[in-house]
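I have placed the structure first, in the form of structure tokens, so that the comments after it can refer back to it.
Each reported figure results from applying straightforward, stated rules to the coordinates on display, with no laboratory input. Because the structure is predicted, anything quoted here is derived from the model rather than measured. Every residue, glycine as well, gets a Cβ built from its backbone with ideal geometry; the counts of neighbours run over all protein chains shown.
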Amino acid sequence: MRTYLLTGAGNGIAQSIRSRLIADGDLVIETDLIKPEEKPDDRPFFTADLRRFEDLDRIISYIRDKGICLNGLIHTAMLHHGGLDTCTYDQFIDAYKVGVAAPFYLMQKLNSLFAKNAAAVLIGSTRFLMSQPNWESYAAAKGGLYALNHALAMTLAGKVRVNLIAPGWIDSSNRGQFSAAEKRSQPAGRVGTPDDVAALCRFLLSNEAGFITGAVFTVDGGMTRQMIYPGEFGWDFTP
């Protein structure tokens, strides 16, 4: 049995990752701001605000005191507080604390507790290289996570592999129904699902990915590679 720490456990992508790991018989230690009202099992769950040292230290102390040898860390937790029009200074810093400082601190303090052939997967976003108006807090934090990925991979070379997945449009709220135009905006012909990300995450955690570290994997149905000209291929723009 392998043991993993999963942050942001309440979001759709994290839930799909959790399901895959548990199906393989792995133990998942989960953290999120709010504990589900009906948790389906008795596996460890920490109600934690990753902006707070004391909450991070509580998780770290549990893993150390239980003598747990971690096989991996999956960081999905993130905050979005908008951008120039709405985001305060403190909110911007909060987004960075959760998105970048928290995984750095966890990796730093758990460094000695990782098993041989351990792996970390950071869930980023294609917004580290493209954006929309008023997404500065989120985009900047995801950009920081992108840089943290390759830095950690070099520091932990030979001990822990570190990779980043950059999802595009993922139906994490289980909306399910999309218009023909929405599907056509994706070269793959559909909007992504949490399982699309979870499948790759599971592979990157496995020994089959043993020669992969410091890499970034884009899971966006080809959206960031699509040339867009108004009036062509069904695209329109009405300001």
Checklist entry - On a 0 to 90 degree scale, rounded to 10, what angle separates helix 194-205 from the longest Cα axis of the chain? => result 40
Next on the checklist: Just to check I understand the Karplus step: with θ = phi - 60° and J = 6.51 cos²θ - 1.76 cosθ + 1.60, what whole-Hz values come out for region 75-83, glycine and proline as x?
Outcome noted: 9, 10, 4, 6, 10, 10, 10, x, x
Checklist entry - What number, rounded to the nearest 500 deg cm²/dmol, is the helix-based mean residue ellipticity at 222 nm of the chain, given -39500 (n - 2.57) per DSSP H run of at least four residues and division by all its residues? => result -10000 deg cm²/dmol
Next on the checklist: Can you work out the Karplus-derived ³J(HN,Hα) for every residue in region 175-188? Use 6.51 cos²θ - 1.76 cosθ + 1.60 with θ = phi - 60°, whole Hz, and x for glycine or proline.
Outcome noted: 5, x, 9, 9, 6, 4, 5, 5, 5, 5, 6, 9, x, 6
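Kindly flag which residue pairs out of Lys109/Lys142; Lys35/Lys159; Lys159/Lys183; Lys66/Lys142; Lys97/Lys183 have an alpha-carbon separation exceeding 30 Å in this structure.
Details: Lys109/Lys142 22 Å; Lys35/Lys159 32 Å; Lys159/Lys183 41 Å; Lys66/Lys142 32 Å; Lys97/Lys183 34 Å.
Beyond 30 Å: Lys35/Lys159; Lys159/Lys183; Lys66/Lys142; Lys97/Lys183.
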Checklist entry - DSSP loop chymotrypsin sites (Phe, Trp or Tyr not before Pro) in region 181-239 with at most 10 other Cβ atoms within 10 Å of their Cβ, which ones? => result Phe211, Phe233, Phe237
Checklist entry - Between the helical axis of 12-23 and the dominant principal axis of the chain, each derived from Cα atoms, what acute angle in degrees is found, rounded to the nearest 10? => result 50
Checklist entry - So which GluC sites (Glu not before Pro) in region 1-60 are both in a DSSP loop and have at most 12 other Cβ atoms within 10 Å of their Cβ? => result Glu37, Glu38
Checklist entry - Which GluC sites (Glu not before Pro) from region 168-239 combine a DSSP loop assignment with at most 10 other Cβ atoms within 10 Å? => result Glu232
Checklist entry - Cα-based Rg of region 3-225 per 2.2 N^0.38 Å, rounded to two decimals? => result 0.99
Checklist outcome for this item: The long-range amide H neighbours of Ala115, using H built 1.01 Å from N in the peptide plane and a cut-off of under 5 Å, are Leu70, Asn71
Checklist entry - Farthest toward the dipole's positive end in region 30-83, which of Leu79, Gly67, Phe46, given Cβ charges of +1 (Lys, Arg) and -1 (Asp, Glu) about the Cα centre? => result Gly67
